[in-house]
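To start, the structure under review is shown below, and the notes come after it.
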Amino acid sequence: MRAIPGNRSGAHLHRRLAVNVVALVLFGVPTVVLAQSMDCSKIKSTTVPVELVVRFDRFEQAYQVYREAGKTAVLWTRQTTPHGINISKAETINGFGIASSLTSTVDKVPDQEAQHRYSGIVIEDNDHRHSVSYKVSWTFKYRNGTARQVEQGVDYTFVSAGETTIGSCALAVYRGEVKFTDVTSGQTDRMFHIYFPELRIGVTSLTPEPVFVSLSTSFEPLRMLR
């Protein structure tokens, strides 16, 4: 998820949020990491909850994933920015969000819930290793009782599959790039994507090399701000 500048208009902030939540749970660069002791075999072969902390240019993000049976998981995130904190929770299938909620201390970013619907892709069968174009429809409901519909075109370009080592754990990683297009306005966002299939975590960034700070099975579970 990206930092949301405080001087953006409300409509632009909402569009950015749609991009951010989709990017959180979709997709995938070797990078610099800090060493940390962990049970890598447990992380890769069981559904033990895992926290991945990533540092970007102007903010830090913690991803906490609770992997369930099959391809489902619950992904919590905390984004700490110069403008405040965003905490979100997403229900996912195969790394794709199907429902999400968000609370924030960032000015002009309202607390919200969203439902996500996909067309042009079967999310259960997508392996994140092929380029694909599809659409996502969002239904946002805000704390003040209002609602909003958003539709985005998503063009995902697969780049490569490889391995990234975080601490002592070597993880499979799929690398790609994605373009989000707001169907109504035509405005676009382009990002790099790093998807960890063993964790079911997708990391998005404006640059190809964020810093993977830590990977751990011991952490304080995230909770909504209110």
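Miscellaneous remarks
- Sequence of Val150, Val183 when ordered by accessible area, the most exposed leading, probe 1.4 angstrom: Val183, Val150
- Local electrostatic count, Leu225, Cβ distance below 15 Å [Lys/Arg +1, Asp/Glu -1]: +1
- Measuring spread by the Cα atoms of region 146-226 yields a radius of gyration and Dmax of 16.1, 47 Å.
- With both labels modelled 7 Å from their Cα along Cα-to-Cβ, the Gln149 to Ser101 distance reads 2.5 nm.
- For region 94-156, the per residue solvent-accessible surface stands at 48 Å², with DNA, RNA and ligands left out and a 1.4 Å probe.
The values are calculated or read from the model by the stated rules, or taken from the named source; none is laboratory data. As the structure is a computational prediction, the values presented were derived from the model and not from experiment. In this analysis, Cβ positions are derived from the backbone assuming ideal geometry, glycine residues included, and neighbour counts consider all displayed protein chains. These accessible areas exclude ligands, DNA and RNA; they are computed on the full protein's heavy atoms, side chains included. Shrake-Rupley method; radii C 1.70, N 1.55, O 1.52, S 1.80 Å.
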